[in-house]
1. Of all residues in the range 158-167, which are farther than 18 Å from K135 by Cα and open to solvent by 40 Å² or more (accessible area, probe 1.4 Å)?
2. Find the residue count for the range 8-48, including only residues that are part of a loop (DSSP other than H, G, I, E, B) and open to solvent by 90 Å² or more (accessible area, probe 1.4 Å).
3. With the structure loaded, tell me whether L68 is in contact with a strand residue (DSSP E or B) (Cβ under 9 Å, 6 or more places away or on another chain) and either over 22 Å from I149 (Cβ atoms) or open to solvent by less than 40 Å² (accessible area, probe 1.4 Å) (or both) or whether it fails that test.
4. Could you please let me know if G109 is part of a loop (DSSP other than H, G, I, E, B) and either in contact (Cβ under 8 Å) with a residue 60 or more places away in the chain or at positive phi (or both)?
5. Could we say that G143 is in contact with a Lys or Arg (Cβ under 7 Å, 6 or more places away or on another chain) and surrounded by 16 or more Cβ atoms within 10 Å (Cβ to Cβ) here?
6. I want to confirm something. Restricting to the range 127-148 and keeping residues that are touching a strand residue (DSSP E or B) at 6+ places or on another chain (Cβ under 6 Å) and among the hydrophobic types (A, V, I, L, M, F, W, C), which single residue is farthest from K103 (Cα to Cα)?
7. So, in the range 79-117, exactly how many residues are open to solvent by less than 60 Å² (accessible area, probe 1.4 Å), within 21 Å of the chain's Cα centre (by Cα) and not hydroxyl-bearing (S, T, Y)?
8. Can you tell which of E120, E127 is modelled with pLDDT under 95, under 30 Å from A20 (Cα atoms) and surrounded by fewer than 17 Cβ atoms within 10 Å (Cβ to Cβ)?
Amino acid sequence: MSRIGRLPVVIPAGVTVEVAANNKVTVKGPKGTLERELPAEMEIKAEGAEVVVARPNDLKRMKSLHGLTRTLINNMVIGVSNGYEKTLEVNGVGYRAAKSGNKLTLNLGYSHPVEMIDPEGIETVVEGQNKIIVKGIDKEKVGQYAAEIRDKRRPEPYKGKGIKYADEVIRRKVGKTGKK
């Protein structure tokens, strides 16, 4: 049995989970509503204050879908109750981030400023000039948008310049040395 799939998803107070036909799961909470169509083979039951996921048989595909389905539901429940956030840091001389409305403007040493518009359901907050916080209720969208921001100028291993996650460790390399 899948160790993760076996665990019930605990539903906190103020959150409702509805399972419709075709395993369409709708989770409503204080921060918003998330909807997702999950694999039809899985059996999802909302029982009182928890959601239980069961699989029909022990085929390899079913085993892998079991844990995945449970985790996706859990991520939705956490998203509508607490929300998700990722913190990015901008390192480098002259590198800075600014926010106006829903437009994020990044100065990253290119000849032009890079402008990004926040996708629906995602909010970015700029603290100071070098800290960007991406917030939202959908874990997948928050992670994706944070990765897209980071891709505009990835951290390089020599000076550590670029956009990195706050918890990311950059493996530094030693630069070349002159002749003796």
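The values are calculated or read from the model by the stated rules, or taken from the named source; none is laboratory data. The structure displayed is predicted, hence computed values, not measured ones. FYI the Cβ positions are ideal-geometry reconstructions off the backbone, even for glycines, and counts take in every protein chain you see. With ligands, DNA and RNA removed, areas are computed over all heavy atoms of the protein, side chains included. Shrake-Rupley method; radii C 1.70, N 1.55, O 1.52, S 1.80 Å.
1. Matches in the range 158-167: Y158, K159, K161.
2. Residues flagged as part of a loop (DSSP other than H, G, I, E, B) and open to solvent by 90 Å² or more (accessible area, probe 1.4 Å) within the range 8-48 amount to 3.
3. It is false that L68 is in contact with a strand residue (DSSP E or B) (Cβ under 9 Å, 6 or more places away or on another chain) and either over 22 Å from I149 (Cβ atoms) or open to solvent by less than 40 Å² (accessible area, probe 1.4 Å) (or both).
4. When the stated conditions are applied, G109 passes them.
5. The answer is no for G143.
6. Selected residue: I137.
7. Of the residues in that region, 10 qualify.
8. Testing whether each residue is modelled with pLDDT under 95, under 30 Å from A20 (Cα atoms) and surrounded by fewer than 17 Cβ atoms within 10 Å (Cβ to Cβ) leaves just E120.
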